[in-house]
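Structure record follows, encoded as structure tokens.
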Amino acid sequence: MPVIQTEELTKQFPSTTALDRLTIDVEPGVVGLVGANGAGKSTLIKILLGLSSATSGRASVFGLDVTKDGPRIRERVGYMPEHDCLPADVSATEFVVHMARMSGLPANAARERTADTLRHVGLYEERYRPIGGYSTGMKQRVKLAQALVHDPEIVMLDEPTNGLDPGGRDEMLLLIRRIWADFGITALVTSHMLGELERIADHVVIIDGGTLLQSSSTSEFTRTSQFLVVEVSGEAEAVAATLSSAGRTVKRDGTQLVLSLDDDETYDAVRDAVAAQGVGLIRMEQRRHHIAELFGAERADG
Ligand SMILES: Nc1ncnc2c1ncn2[C@@H]1O[C@H](COP(=O)(O)OP(=O)(O)OP(=O)(O)O)[C@@H](O)[C@H]1O
């Protein structure tokens, strides 16, 4: 059963249509919600959480209507907001315990769950230091911890890698993947960076100007293309020349050769050319699409 469903969901602000008849189904797993700045990602999350109301259309979480069942939905959902919203002068432990208590956990359970969750996000050592002294990466982890502390069934994470350096981003992505893999908590993750979600998401929903561009499993997005990528240990130029003179269309891409996969004999042609040049064949495989290719390379890196 889908955990999130929307039907013709529309959100009209006075000067802009943030969501325009958006219809999506989200199945359990890690789900990437991708779109450029202003695409409508945060607006969708806020409607799902009952923080904002739709102009028209319907939305449900666990089959519960967001307009009628807000409190019951919020009991089962964790939310990590996009912007910095943490008090500087309290520790991670104090803050996350407070959020756990707000979710209805008794004092002892709140303390235990806080310790477990901060350990899970890698903040156990620093848990008694004031948040004001934390790095951006540590603050993002506190926000993630408060979203997880009441043991939700789904977490909605709005731009969790924002402001992080490449190492911090990788760590955050790994943590998100583990939320699903280790605890079975569905994660709806927004990002304007397509490449990073491709690495961790089971399913990707792409929106643009509030409308759905595509919703597919990640493997469907990254299906194989009609190009063969070849890497050789010796002189790639000579191999390329041999393939060209055998009538093959071949391009150099750095140290790799990329051939149009015209027919089954393409593989044999590569083996022959490699043998003729006396070089080693390191890799020969069908190239896969990257989700970012659908949108142009410039958006792939944010
Ligand atoms: N409270 C509001 N009042 C008026 N317009 C709004 C409001 N909130 C969002 N918008 C507009 O709705 C559109 C969608 O915004 P939204 O924040 O949902 O996009 P987003 O995909 O989350 O982008 P970002 O990553 O920049 O947050 C934008 O054009 C934005 O300016």
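The values are calculated or read from the model by the stated rules, or taken from the named source; none is laboratory data. What you see is a predicted model; the values in this text were computed from it and never measured. Glycine gets a Cβ as well: all are built from the backbone with ideal geometry, and neighbour counts include every protein chain shown. Accessible surface areas use protein heavy atoms only, side chains included; no ligands, DNA or RNA. Shrake-Rupley method; radii C 1.70, N 1.55, O 1.52, S 1.80 Å.
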Qualifying positions in region 6-15 - near the ligand (Cβ under 8 Å from one of its atoms), open to solvent by 70 Å² or more (accessible area, probe 1.4 Å) and assigned to a strand (DSSP E or B) = F13
inquiry  = Any residue that is surrounded by fewer than 16 Cβ atoms within 10 Å (Cβ to Cβ), away from the ligand (no atom under 16 Å from the Cβ) and either touching a residue at least 24 places away in the same chain (Cβ under 8 Å) or within 25 Å of N162 (Cα to Cα) (or both) - is there at least one of those in region 60-72?
reply    = yes
remark   = Checked pairs for region 232-248, first closer than 13 Å to V270 by Cβ, second loosely packed, with under 13 Cβ neighbours inside 10 Å and among the basic types (K, R), C-beta under 7 Å and 6 or more apart or across chains, list as A236/R252; A240/R252
ask   = Can you pull out the residues in region 16-38 that are buried (at least 20 other Cβ atoms within 10 Å of the Cβ), near the ligand (Cβ under 9 Å from one of its atoms) and among the aliphatic types (A, V, I, L, M)?
value = A18, L19, L33
message = Condition first: more than 16 Å from the ligand (Cβ to nearest atom) and within 30 Å of S215 (Cα to Cα). Can you find one or more residues in region 157-165 that meet it?
response = yes
query = Does region 39-53 include one or more residues that are touching a helix residue (DSSP H, G or I) at 6+ places or on another chain (Cβ under 7 Å), within 16 Å of the ligand (Cβ to nearest atom), part of a loop (DSSP other than H, G, I, E, B) and among the hydrophobic types (A, V, I, L, M, F, W, C)?
reply = yes
key: Considering residues of region 223-263 that are open to solvent by less than 20 Å² (accessible area, probe 1.4 Å) and among the β-branched types (V, I, T) only, the residue farthest from the ligand (Cβ to nearest atom)   = V239
request  = Residues being in contact with a helix residue (DSSP H, G or I) (Cβ under 7 Å, 6 or more places away or on another chain), more than 21 Å from R127 (Cα to Cα) and open to solvent by 30 Å² or more (accessible area, probe 1.4 Å): count how many of those fall in region 137-162.
outcome  = 1
inquiry  = The conditions are (1) surrounded by 15 or more Cβ atoms within 10 Å (Cβ to Cβ); (2) closer than 21 Å to L188 by Cβ, and H83 fails exactly one of them. Which is it?
reply    = (1)
task = Report yes if some residue within region 159-179 is aliphatic (A, V, I, L, M), at negative phi, touching a residue at least 12 places away in the same chain (Cβ under 8 Å) and touching a strand residue (DSSP E or B) at 6+ places or on another chain (Cβ under 7 Å); otherwise report no.
result = yes
remark   = D89 passes all but one of the listed conditions (1) open to solvent by 40 Å² or more (accessible area, probe 1.4 Å); (2) of a type outside the set (V, I, T); (3) touching a Lys or Arg at 6+ places or on another chain (Cβ under 7 Å); the exception is number (3)
task = Of all residues in region 194-222, count the ones that are within 13 Å of the ligand (Cβ to nearest atom) and out of contact with any strand residue (DSSP E or B) (no Cβ under 8 Å at 6 or more places or on another chain).
result = 1
key: So A187, is it away from the ligand (no atom under 16 Å from the Cβ), closer than 20 Å to V31 by Cβ, in contact (Cβ under 8 Å) with a residue 40 or more places away in the chain and surrounded by 24 or more Cβ atoms within 10 Å (Cβ to Cβ)   = yes
